Amino acid sequence: MNNAHPALDEHASASFRSTLGNFCSGVTVVTALGDDGLFGFTCQAFSSLSLDPPQIVLCVSRASTTWPAISRLRRFCINVLSESQQQLSDRFSRSGTDKFAGVRWNYSPGGNPLLAGASAWIECEINTEYPGGDHLIVVADVRWLDAGPAERPLVYHRGRYTALRDSNPA
Ligand SMILES: Cc1cc2nc3c(=O)[nH]c(=O)nc-3n(C[C@H](O)[C@H](O)[C@H](O)COP(=O)(O)O)c2cc1C
């Protein structure tokens, strides 16, 4: 048995989550459309990676039941959620539910769902998936992207949604 990474006990795992939760981020929903339906999941672990070539990175849980379908399709859209879209974030985090029921969306240039009201979208094609502990590190090439009117972002911090306060009002 490989003991290089012994399983974290409950306390260590809670401590990892609460400490790392101090690093705030925006929230995205990753979407895709295939012959067998619509796919989507909420993803906070998203970042710009490379400008030339244009690439992004996502960290996806190996427990995700949606990712294998998106991985087979190769293409997906990142929807950057705006401040008012907390309910969408919650909806797309519930495994085994009809996540798209009642959700308004349009087609991206590559035929994937663009969620209405998202502040930006980035359409991607998977380049490489690397192992990353209990997650996968997904590097994807950016194919198309656009941003809407300057919406305030939805922010996730210490396990809660929050919003940005304008420290330099015009
Ligand atoms: C605010 C928030 C951020 C999340 N960030 C991630 C993430 O970065 N990576 C990930 O794999 N899951 C993340 N999740 C959990 C997934 O959304 C959730 O496990 C997934 O939707 C489960 O559904 P599935 O089984 O259909 O994949 C996040 C959930 C929430 C509420």
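Observations
- Karplus-derived 3J(HN,Hα), 6.51/-1.76/1.60, for each residue of the stretch 38-50, Hz, glycine and proline x: 9, 10, x, 8, 6, 9, 9, 7, 10, 8, 5, 10, 9
- For the stretch 78-170: rounded, prolate or oblate by the Cα gyration tensor [a/c cutoff 1.5]: rounded
- Rounded to the nearest whole Hz, the Karplus-based 3J(HN,Hα) values (6.51 cos²θ - 1.76 cosθ + 1.60, θ = phi - 60°) of the stretch 112-125 follow the sequence 9, x, 9, 6, 4, x, 5, 7, 7, 9, 9, 8, 10, 10, with x at glycine and proline.
- Distance between the stretch 1-76 and the stretch 93-142 - C-alpha centres, whole angstrom: 11
- Student exercise, the chain dipole from Lys, Arg, Asp, Glu Cβ charges, in Debye to nearest 20: 300
- Stretched out straight at 0.36 nm per residue, the stretch from Thr162 to Cys24 would grow longer than its current Cα-Cα span by 48.7 nm.
- Quotient of Cα Rg and 2.2 N^0.38 Å for the chain, N being how many residues it contains: 1.08
- Annotation: amide H of Arg143 within the under-5 Å range of Glu123, Cys124, Glu125, sequence separation 5 or more or interchain, hydrogens built in the peptide plane.
- Built amide H within the under 5 Å cut-off of Arg74, gap 5+: none
- Relative packing of peptides 9-22, 48-61 - highest average C-beta neighbours within 10 Å first: 48-61, 9-22
- Global geometry of the stretch 1-70, whether rounded, prolate or oblate, following the gyration tensor of its Cα atoms and the 1.5 cut on a/c: prolate
- Space enclosed by the convex hull of the alpha-carbon atoms of the stretch 32-121, per residue, Å³: 111
- Computed over the chain, the per-residue total of -39500 (n - 2.57) for DSSP H runs of n ≥ 4 gives a 222 nm mean residue ellipticity of -4000 deg cm²/dmol, rounded to 500.
- Calculated FRET efficiency for the pair Asp52/Ala12, C-beta based, R₀ 25 Å, to 0.05: 0.05
- Accessible surface computed residue by residue for the chain, with neighbouring protein chains in place and a 1.4 Å probe, gives 62 Å² per residue.
- Cα gyration tensor shape of the stretch 93-147, rounded if a/c is under 1.5, else prolate or oblate by comparing a/b with b/c: oblate
The values are calculated or read from the model by the stated rules, or taken from the named source; none is laboratory data. Computed from a prediction, not measured in an experiment: that's the story for all the values here. Here the Cβ is made from the backbone with ideal geometry for all residues, glycine too, and neighbour counts use every protein chain on show. Just so you know, the surface numbers come from the protein's heavy atoms only, side chains and all, with ligands and any DNA or RNA stripped out. Shrake-Rupley method; radii C 1.70, N 1.55, O 1.52, S 1.80 Å.
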